[in-house]
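Taken together, the values in this text are just the output of simple stated rules run on the coordinates, not laboratory data. Since the structure is predicted, the reported quantities are computational estimates derived from the model, not experimental observations. Neighbour counts are summed over all protein chains in view; Cβ atoms, including those assigned to glycine, are modelled from backbone coordinates with ideal geometry.
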Amino acid sequence: MQKKILFVLCLLTGLMFINGGLDKFFHYMPVPKDMPEKMVKAGMAFMEISWLMPLVGAAELVGGILLIFPRTRALGVLVIIPVLSGILLTNIYFAPSGLPIVFAIIAVIIWAIIDNRHKYLPLISK
């Protein structure tokens, strides 16, 4: 039962990252009207660096796809962690109201790490 719950949570999280990654390329989601001014300015600054958003979008796409499938989930987590770190820091500094969602995603990622810990052991052992 736990495997099924983890699969559904990873599927939803992966789809969220896929959606976010696709938006970095196609810009189909509107900017919320109540977004804090500091966050809008930071977003505009990120857009000035022409290679940054496609890189983050590609990482979100690849990580989201890998996260969905149990066989590739451990690699997907490794791809998603840097992006998730950026999301966490952005929400801490610019929009703390989004932190509950970020913490829910972090909980799913931690559960996926714990479930795949045997795959990570060769990375840290001699």
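Overview of results
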| quantity | calculated |
| --- | --- |
| Candidates LYS4, LYS41, filtered to the one that is charged (D, E, K, R) and farther than 23 Å from ARG71 by Cα | LYS41 |
| Residue count for the stretch 81-126, restricted to those that are in a helix (DSSP H, G or I), among the aliphatic types (A, V, I, L, M) and farther than 21 Å from LEU61 by Cα | 6 |
| Total residues in the stretch 20-53, condition touching a residue at least 24 places away in the same chain (Cβ under 8 Å) and under 17 Å from the mean Cα position of the chain (by Cα) | 7 |
| Residues being assigned to a helix (DSSP H, G or I) and either touching a helix residue (DSSP H, G or I) at 6+ places or on another chain (Cβ under 6 Å) or loosely packed, with under 14 Cβ neighbours inside 10 Å (or both) - total across the stretch 63-80 | 12 |
